[in-house]
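Input: a single structure, listed below in structure tokens.
Read-outs: derived from the displayed coordinates by stated rules, not from any lab. Remember, it's a predicted structure, so these values are computed and weren't measured experimentally. Note: ideal-geometry Cβ built from the backbone for every residue, glycine included; neighbour counts use all protein chains shown.
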Amino acid sequence: MIRIATLITACLLCWSAPALAGDTPAPEGAEVYFVNLSDGDTVNSPVTVVFGLKGMGVAPAGTEKEATGHHHILIDRPPLGEGPDGADELNYGLPADDHHVHFGGGQTQVSLDLEAGDHTLQLVLGDMNHVPHDPPVTSEVITITVE
Ligand SMILES: [Cu+2]
């Protein structure tokens, strides 16, 4: 019985997590991913990064249209939801700085100038107000090595 109760509690926790995200719903199965890079790749700068999106469409920032969003790339920072503000960062608009780049024009790729060394990258889809969807549509975090 105790084990079952523990499982139920764990499930309630995992179900409550997405409710913390922004208000804009993401369709089930929506997915953002790196088209041309994989975890552990070694590349030269500038690094071309192509963004893939399944189950949703790309729309410029400020566009109110169901099941759309625009791309963001997170560079050299913890996975979304694990930064200094924890899960709270799923509720507000992504910052715009060296670690958070917005593609509010609806762009689907970028050429990044990165210094030699290891860098982490993560793609995050944002709604018209740059807030992650509910549930958040994020890629895996990959680490690439720039020669
Ligand atoms: Cu944005």
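Looking at (1) part of a loop (DSSP other than H, G, I, E, B); (2) of a type in the set (Asp, Glu); (3) within 16 Å of the ligand (Cβ to nearest atom), can you tell me which one GLU89 breaks? Every listed condition holds for GLU89 apart from (1).
The residues on offer are LEU125, LEU114, and the sole one that is near the ligand (Cβ under 10 Å from one of its atoms) and either out of contact with any helix residue (DSSP H, G or I) (no Cβ under 6 Å at 6 or more places or on another chain) or more than 17 Å from THR24 (Cβ to Cβ) (or both) is LEU125. Among residues of the stretch 86-113 that are farther than 13 Å from HIS70 by Cβ, those with a beta-carbon under 7 Å from a residue that is among the basic types (Lys, Arg) and away from the ligand (no atom under 12 Å from the Cβ) at least six positions away or on a different chain give the pairs HIS99/ARG77.
With the structure loaded, tell me whether PRO78 is without any contact (Cβ under 8 Å) to a residue 24 or more places away in the chain and either more than 13 Å from the ligand (Cβ to nearest atom) or crowded, with 19+ Cβ neighbours inside 10 Å (or both) or whether it fails that test. For PRO78, the condition - without any contact (Cβ under 8 Å) to a residue 24 or more places away in the chain and either more than 13 Å from the ligand (Cβ to nearest atom) or crowded, with 19+ Cβ neighbours inside 10 Å (or both) - is met. In the stretch 27-47, the residues that are in a loop (DSSP other than H, G, I, E, B) reach residues that are acidic (Asp, Glu) with C-beta atoms within less than 9 angstrom, at least six apart or across chains, in these pairs: PRO27/GLU66; ASP39/GLU140; ASN44/GLU147; SER45/ASP113; SER45/GLU115; SER45/GLU147; PRO46/ASP113.
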